[in-house]
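Values in this text are rule-based calculations from the coordinates and carry no lab data. As the structure is a computational prediction, the values presented were derived from the model and not from experiment. Cβ: placed from backbone, ideal geometry, glycine included. Neighbour counts: every protein chain shown.
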């Protein structure tokens, strides 16, 4: 059970609070572990929750309950007069920020976007919302600015029967983009409460207090610093509120442990070609559980039946629930492409202007292909793994369909189906496309001989699909342990490299694995292997994304480390003839002595993607020059990007370990 504060911010009944107050289960690792254990035992957990809300002056606490031997919730609280998620007057979670799992976001935003919006069905008479400082910039708040906080410290433990708000004064000590530090006294029940400036406007939401860590024996002990409050600036919460008021759908943070089984059933039905039944089931499940994954499934099923209007609505909801749902963003663009509205597509400008730095780089590349900015032979060879290959063949098939080149469209759709995992959405998109093309092909067959021949071709293709599914299932069993070893943060570099090499033997067409082997071999100082893998990759026609462009520089650095100065320079000169991106060309120019490190660092700015690519290469080049201290400093700068899902990050970390080892 959690307790906290919420405050009214809108006359329509919207309140703001902290996510951890209304959705404490989202940070409860024990809950998720228990759910996984139950599912492993063949059971499906059912998630239930209750939230109660009282306004100041309401009778909420029954002090006599403490005299009861085992008081229930209804003994402790007067829940019958509360706003509730169970009965009138109604309370609902209107929307919560999705907790980020990315290391960089957790470091740069320690409060983890800890905000939520509640909605009540009616506002108590005479109650006025608190005014919000909508356009505030946290870093423009002067230090020592006076503030007050409102809330209920320690919750029911410090209350009489009636709700009585606590007011504390303090000052702003420091501000950051995602954090305001204040020196007012705060306790647990203050969480979710407003922080108000001298103008009477809310500038933040109380999230918690600073923690002081001390070591007692082998155990680190955390002690709360009650007079150093951690406040989340109001800005992002205001954005969420505005979007809700304009009718956008948001995730409410409620869990549904049956969603995984529902998705499996939807996929099974769709795999049989029963598209209408799959749509019906997806819509039914979504109506009872607004889970992002179910919303995406419903969108995909409607798209597969060419119900683009409903699919567009659903993908818009997906993007509203998660602005980083790049798949939904691309599907919205694809719908506009297919319906002839691509030039006016809100997603078009966003996608075609993405570059190597974006997590949505591949979706941007797909948009480039559809826009005709990449020629077909190049596009069809530019993939790194099977899912990318399937997507590329699928979108090129759509392009041929638009040109009414039906035979080529069918050939490409077949390859898209064969390349995809059968539980991936690209499989169902390609399958639906292929079925429509086959239907069109059958309609134009003139003779029985043609029809029998085509039936035999379809039968043979269906067998290839089933054989591929069987082979994938067999490979999946082999790869479980290998993937676990690769993902194990405690595993050594040699163990990870061995697991990667075994995985590559099973999946020899997976260029993403090949890329990882390049970096791990180099980190382990197996230069010949790394160069061999680099040459294997460069013989393919993979697109020029961050991995491809970084590996070209890595090759030159390895040669430089081996004191093959002439070959290193030749490799860089060849690199500059092939690479088009200005940033990576600037790094190459630095290595060739054409640019200073100041120019490179100034150009990098605060971009984490530029920092990790530049400083990793600079560090490795310094190693080759024998400047180990300088190299270590650059590697540490690379790790300061906190992009721990980049291969350069692992490489920099391993090189630091090597540099710290005493010379043998």
TODO: Mind running the shape call on the range 527-664? Use the C-alpha gyration tensor, a ≥ b ≥ c as the square roots of the eigenvalues: rounded below 1.5 for a/c, prolate if a/b tops b/c, oblate otherwise.
DONE: rounded
TODO: Treating the angle as unsigned and between 0 and 90°, give the value, to the nearest 10°, between the Cα long axis of helix 29-40 and the longest Cα principal axis of the chain.
DONE: 60
- [ ] Would you mind listing how long the chain runs along its three principal axes, going by Cα atoms, in whole Å with the largest first?
- [x] 83, 74, 49
Task: Between 0 and 90°, nearest 10: helix 235-245 axis offset from the chain longest Cα axis - done: 90
TODO: Decide, for the range 259-454, between rounded, prolate and oblate: order the square roots of the alpha carbon gyration tensor eigenvalues as a ≥ b ≥ c, take rounded if a/c falls under 1.5, and otherwise choose prolate if a/b is larger than b/c, else oblate.
DONE: oblate
TODO: Multiply the residue separation of residue 171 and residue 539 by 0.36 nm, subtract the distance between their alpha-carbon atoms, and state the gained length in nm to one decimal.
DONE: 126.3 nm
Open item on the list: Only counting other Cβ atoms within 10 Å, I'd like 315, 584, 32, 7 sorted with the fewest neighbours first.
Closed with: 32, 7, 584, 315
Task: Simple spin-label estimate for residue 563 and residue 3 in nanometres, 7 Å along Cα-Cβ - done: 7.2
Task: Relative contact order (%) - criterion: Cα under 8 Å, at least six apart; region: the range 502-660 - done: 19
- [ ] Give the angle, between 0 and 90 degrees and rounded to the nearest 10, that separates the Cα long axis of helix 275-288 from the longest principal axis of the Cα atoms of the chain.
- [x] 20
- [ ] May I ask you to compute the full-extension gain from residue 405 to residue 100, defined as 0.36 nm times their residue separation minus their alpha-carbon distance, rounded to one decimal in nm?
- [x] 105.4 nm
Task: Cβ-Cβ FRET estimate between residue 323 and residue 461, R0 fixed at 60 Å, reported to 0.05 - done: 0.95
Open item on the list: Calculate the FRET efficiency for residue 353 and residue 140 from the Cβ-Cβ distance with a Förster distance of 30 Å, rounded to the nearest 0.05.
Closed with: 0.55
TODO: With a ≥ b ≥ c taken as the square roots of the eigenvalues of the C-alpha gyration tensor of the range 238-370, please select rounded if a/c is under 1.5 and otherwise prolate if a/b is larger than b/c or oblate if it is not?
DONE: oblate
Open item on the list: Quick check on the exposure proxy: order 331, 136 from fewest to most C-beta atoms within 10 angstrom.
Closed with: 136, 331
- [ ] Please report the relative contact order for the chain, taking Cα pairs under 8 Å with a sequence separation of at least 6, and give it as a percent rounded to a whole number.
- [x] 8
Task: Difference of contour (0.36 nm per residue) and Cα-Cα distance, residue 440 to residue 630 - done: 61.9 nm
Task: Length-normalised contact order for the range 259-378 - Cα pairs under 8 Å, 6+ apart - percent - done: 14
TODO: Can you tell me the FRET efficiency between residue 338 and residue 423 if r is taken as the Cβ-Cβ distance and R0 is 25 Å, rounded to the nearest 0.05?
DONE: 0.55
TODO: Using just the helices of the chain, give the 222 nm mean residue ellipticity in deg cm²/dmol: DSSP H runs with n ≥ 4 each add -39,500 (n - 2.57), and the total is spread over all residues, rounded to 500.
DONE: -16500 deg cm²/dmol
- [ ] Fewest Cβ neighbours within 10 Å first, please rank 176, 55 accordingly.
- [x] 176, 55
